[in-house]
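Colleague: Have a look at the structure that comes next, please.
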Amino acid sequence: MSILGQVRTMFSGQTREEFGEGQRHPLTKQMEKSIRRHIAGLRNTDLSAYEYERRHSEQKDAKSDLVIYDEAKNPVLFGRDMYGDTSFWVK
C-alpha cells in the first residue's frame, strides 16, 4: 500500500486487517438512506442492527470500500465511498 493509501486508511477509520477482521461500526443514518435507495429489498427492513467495515479501495478515485453485515454478522452488501457519494450493491 502506498504512503497516501496508508494515510487515507488512518484518517478514514479503515483498518488493515484481513477481510472480515476489521473494526465494525453501526450504520450511519446517511448509509441507511443510501442502502434503501440502492437495494429495493431492504427499503422496509430495520437496519439498526446492521454494521459496516471500511476497507482500503483499489479503485483509483474511491475513498474506501465498505462491507455491510446483517444482524447475524454475515456480509450481505458491498459499497464504495467516492468522497461523499456512496453506492451499494448485493454481495
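Quick note: the coordinates plus some simple rules give every number you see, no bench work behind them. These numbers come from a predicted model, not from an experiment. Don't worry about glycine lacking a Cβ; one is built from the backbone with ideal geometry, like all the others, and counts go over all protein chains shown.
Colleague: Rounded to whole Å and sorted largest first, list the principal axis extents of the Cα atoms in the range 51-91.
Modeller: 32, 15, 15
Colleague: Given 0.36 nm per residue, what is the gain on full extension from residue 78 to residue 39 after removing their alpha carbon distance, in nm?
Modeller: 12.9 nm
Colleague: Follow-up question, since we're still on this one. Give me the net charge for the shell around residue 67: Cβ to Cβ below 10 angstrom, other residues only, Lys and Arg +1, Asp and Glu -1.
Modeller: Around residue 67, the charge tally is +1.
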